[in-house]
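**Student:** Sending over a structure as structure tokens; questions will come in a sec.
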Amino acid sequence: MESNFAELDSVIHSRVRLAIMILLLQSETANFTYLKKEIDVSDGNLSTHLRKLEEAKYIKMQKRFENRKPKTTISLTDKGRAALNEYTSNLEEYLRLASDGKKQ
Amino acid sequence: MDQITNEQALEVIKEMIERTKRKQNYAGFYHLLWGVLISLAIVAMYILIKFEMYDLIGFSWAFFGIGGAIVSVIYSKRTYEKQGSIQYPDLGINSIWMGLMIAMFLVAFVFPILKAYEWYIVYVMVSLLLGAANFSTGILLKQKMPIINGILWWIGSIFLLILENQVAFMGVFVLLLIVNNVIPGIYLYSLARKQNGK
């Protein structure tokens, strides 16, 4: 790839993490069970990806106990929103160039 | 390990947007709740007028209004627990109807106590507020029916201002309530059930 292209953010560029970010973009908050069901992943897998996004400060996780059951509420941070915006712009650019390349 | 190609990334984005777009979570709850509460407030008002207890009319509105507020808060909390996410259109709809509650409290309880206007103006103002709530809900849901109901409430409010006969006045208001709140409430409920595959 040409050097003047911005690299796609590797934190977001994975199926599960991208899906998490897109789902959170459309919600004010979401819980663990909802994300697990919508993305169709195991608890362990989802936890790993959520931790990665949290480390990058793209998401915020709030844990609490309700009737002795753990409840995790997840939301997108401003940093995460900006990163996702940049990611989608770069992705759009890559796809546009790829399609132009195919035409030539 | 979980890395994807750019084309696959685009597919993931499309799939996740489609997943949430397909679902309409709002099931007409606020339409039906307010339809029922206002009907009860009308019955209570009728009884209070019959027994010439005019001072209690404002309190009956406040009672049903506060009752509605409590039910609405419990409902929105439970809905979130069940759905697992608060999506922006739902948040918008909740805010509209919660805001309506505060405005109704002022219009139907506080202002009449302050003798700001006569009792029948309460119904005109309530019609205007319900029109705004219906119209905004329709815009957020991209559903024509609540938009039309909002406009009908506004047109109805003009009729209520013109009507002088008390029975005709209440008749028109009840009709507006059934057509613009109860019927769309039932429609939105069945639509949400259908879209969520229940």
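**Student:** Against the empirical 2.2 N^0.38 Å scaling, what ratio does the C-alpha Rg of the stretch A:42-104 come to?
**Tutor:** 1.65
**Student:** Put +1 on the Cβ of every Lys and Arg and -1 on every Asp and Glu Cβ in the stretch B:1-92; which of B:TYR30, B:ILE17, B:GLY84 then has its Cα farthest towards the positive end of the dipole?
**Tutor:** B:TYR30
**Student:** Now for a different question. Would you mind checking which residues have amide H under 5 Å from A:GLU28's amide H? H placed 1.01 Å from N; only 5 or more apart, or other chain.
**Tutor:** Distant-sequence amide H within range of A:GLU28: B:ILE86, B:GLN87, B:TYR88.
**Student:** Based on Cα positions only, what radius of gyration and what Dmax would you give for the stretch B:38-85, in angstroms?
**Tutor:** 15.3, 49
**Student:** Give a residue-ordered list of calculated ³J(HN,Hα) values for the stretch B:43-56 (Karplus: 6.51 cos²θ - 1.76 cosθ + 1.60, θ = phi - 60°; whole Hz; x for Gly, Pro).
**Tutor:** Each residue's phi maps through the Karplus curve to give 4, 4, 5, 4, 5, 5, 5, 4, 8, 6, 9, 4, 5, 8 Hz.
**Student:** Now, a different point. Test of understanding: what is the full-extension gain from B:GLU18 to B:SER190, defined as 0.36 nm times their sequence separation minus their Cα-Cα distance?
**Tutor:** 59.8 nm
**Student:** Could you pull out which residues in the stretch B:125-142 have an amide N less than 18 Å from a spot 7 Å beyond the Cα of B:SER95, following the Cα-Cβ vector?
**Tutor:** B:132-142
**Student:** Suppose we keep just the alpha-carbon trace of the stretch B:27-183; what are its Rg and Dmax in angstrom?
**Tutor:** 15.7, 50
**Student:** Averaged over A:24-31, how many beta carbons belonging to a partner chain fall within 10 Å of each residue's beta carbon? Each step should come with its number before you reach the end.
**Tutor:** Working: counts 2, 5, 9, 9, 7, 6, 6, 6.
Taking the mean over all residues of the peptide, I get 6.
**Student:** Follow-up question, since we're still on this one. Over the alpha-carbon set of the stretch B:57-145, work out the extent along each principal axis and list the three values in angstrom, largest first.
**Tutor:** 45, 28, 16
**Student:** So how tilted is helix B:119-141 from the main axis of chain B? Cα-based, degrees 0 to 90, rounded to 10.
**Tutor:** 10 degrees
**Student:** If the cut-off is a Cα-Cα distance under 18 Å, which aspartates and glutamates reach A:LYS79, setting aside same-chain residues fewer than 8 apart in sequence?
**Tutor:** Of all the aspartates and glutamates, those that pass the test against A:LYS79 - Cα under 18 Å, at least 8 places apart if same chain - are A:GLU7, A:ASP9, A:GLU28, A:GLU54, A:GLU55.
**Student:** Further question: Sorted by packing (mean other beta-carbon atoms within 10 Å per residue), highest first, where do A:32-45, B:99-112 land?
**Tutor:** In decreasing order of mean packing, A:32-45, B:99-112 become B:99-112, A:32-45.
**Student:** Using only the alpha-carbon atoms, how far is helix B:183-195 inclined from the longest principal axis of chain B? Give it as 0 to 90 degrees, nearest 10.
**Tutor:** In chain B, helix B:183-195 runs at an angle near 10 degrees to the longest axis.
**Student:** Within 10 Å of each Cβ of A:87-93, how many other protein chain Cβ atoms are there on average?
**Tutor:** Partner Cβ neighbours, averaged per residue: 2.
**Student:** Using the per-residue mean of other Cβ atoms lying within 10 Å as a proxy for protection, in what order, highest first, do the peptides B:50-58, A:15-23 fall?
**Tutor:** Working: B:50-58: 11.9, A:15-23: 23.8.
Highest to lowest by the protection proxy: A:15-23, B:50-58.
**Student:** Suppose R0 equals 41 Å. What FRET efficiency, 1/(1 + (r/R0)^6) with r the Cβ-Cβ distance, do B:LEU56 and B:TRP154 give to the nearest 0.05?
**Tutor:** 0.85
**Student:** Another one. Could you put A:HIS13, B:HIS31 in order, starting from the residue whose Cβ has the fewest other Cβ atoms within 10 Å?
**Tutor:** Lowest to highest Cβ neighbour count: A:HIS13, B:HIS31.
**Student:** Given N residues in the stretch B:98-155, what is its alpha carbon radius of gyration divided by 2.2 N^0.38 Å?
**Tutor:** Working it through for the stretch B:98-155, the quotient is 1.23.
**Student:** What percentage of all Cα-Cα pairs in the protein assembly as shown are separated by more than 33 Å?
**Tutor:** 42 percent
**Student:** Within 10 Å of each Cβ in peptide A:14-23, how many partner chain Cβ atoms are there on average? Round it to a whole number, please. Present the calculation step by step, with values, prior to reporting the outcome.
**Tutor:** Values: counts 6, 8, 3, 3, 9, 5, 1, 3, 8, 6.
Mean shielding count: 5.
Each value in this text was obtained by applying a stated rule to the coordinates, not by laboratory testing. On a predicted model such as this, the values are computed, not experimentally measured, just so you know. Cβ coordinates were reconstructed from backbone atoms using ideal geometry, including for glycine residues, and neighbour counts include every protein chain displayed.
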